[in-house]
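Since the structure comes first, as structure tokens, the remarks are kept for the end.
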Amino acid sequence: MKYVIANWKSNPRSLQDAQSLLSGYPKKTPLGVVICPPALFGFLVSKYHYVLGAQDVSIADRVITGDITASQLASFGVQYVIIGHSERRAMGETSSQVNQKLHNCLNCNITPIVCVGEQVRDTQGQYVLELRQQLQESFAGLTRQQLEQVIIAYEPVWAIGASAIRQCTPEEFQESLLLIQRELISVTGNMPIGAISVIYGGSVTNENVKQYITAGAEGVLLGRASLDPVVFADIVAQVYENNN
Ligand code: PGA
């Protein structure tokens, strides 16, 4: 299955703007198209019959001000949750917390979209160690069957958002894809490489989406591109071009 995950972050700025953004989206989208709005706008996404995702989840099923638990999300019809986005990791979220959130979601039958990615793509290969450590800690204790229910989003921090240094090349994505697959097989034990779903995120547009899909991405995680209905519709069309 191919995925197009729209991460709205803290956009749009009002309920009215959220409504007009959704009105511009394609009327019917494949099941792998998931909209992750700010939590308050979730009802609107459901009203428009899109698959609903969340941008985060609480670490444990306990009562904490400001938190939303996995069981609450599940009861609201949320099917996917983004975990460990670099913007949350930058605010102090650790891979071990990501791991707890991941197990929480799986226990509630929600598909976790776990973000991993290095800060800098250095020439000495430090980024490989950084990525491997993130993977080992974030996916600790996961069985092969559980890993099959997870989506991994490779999001190199240096290629994300308005402050991106440059775009990630398809070759760089492919190298990280292999690294992720190999590392996760070593965490969970032997499993077919094809059973591990890796998508790409970071400055994806309707002009570069095809190259990541061709390079082996099972889909894309969109930030800014999800806020422009025309660009978004074009990306969805390109990802599902061959009905896959
Ligand atoms: P971007 O954001 O597409 O705007 O680079 C991606 C993300 O932060 O997940």
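The numbers here are math on the coordinates, done by the rules we state, and not lab data. Not measured: the values here are computed from a predicted model. Using ideal geometry, Cβ is built from the backbone for each residue, glycine included, and neighbour counts are taken over all protein chains shown.
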Rounded to one decimal in nm, the spacing of the 7 Å Cα→Cβ label points at Glu172 and Gln16 is 4.1
Checked the range 122-244 against the a/c 1.5 cut and the a/b vs b/c comparison, axes a ≥ b ≥ c from its Cα gyration tensor; verdict oblate
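Could you tell me how many cubic angstrom of Cα convex hull volume the range 71-184 has per residue? Could you put the intermediate results ahead of the total?
Details: hull volume 13.0 nm³, N = 114.
For the range 71-184, the hull spanned by Cα atoms encloses 114 Å³ per residue.
When the dipole is taken about the Cα centre of the chain, and only Lys, Arg (+1) and Asp, Glu (-1) are charged at their Cβ, what size is it in debye, to the nearest 20?
On the way: 17 positive and 21 negative charges, 104 e Å.
Computed charge dipole of the chain: roughly 500 debye.
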When the charge dipole of the chain is computed with +1 at the Cβ of Lys and Arg and -1 at the Cβ of Asp and Glu, the Cα pointing farthest to the positive end, of Pro170, Val34, Ile180, is that of Val34
Answer in debye to the nearest 20: the dipole magnitude of the range 1-67 about its Cα centre, from +1 Lys/Arg and -1 Asp/Glu charges placed on Cβ, is 300
Counting only backbone N atoms under 19 Å from a point 7 Å out along Cα-to-Cβ of Asn242, the residues of the range 171-194 in range are 171, 174, 193-194
Two pseudo-spin positions, 7 Å from Cα along C-beta at Met1 and at Phe76, lie apart in nanometres by 2.1
In nm², the average projected area of the convex hull spanned by the Cα atoms of the chain is 12.5
FRET efficiency (Arg182, Gln124; Cβ distance; R0 30 Å; to 0.05) is 0.90
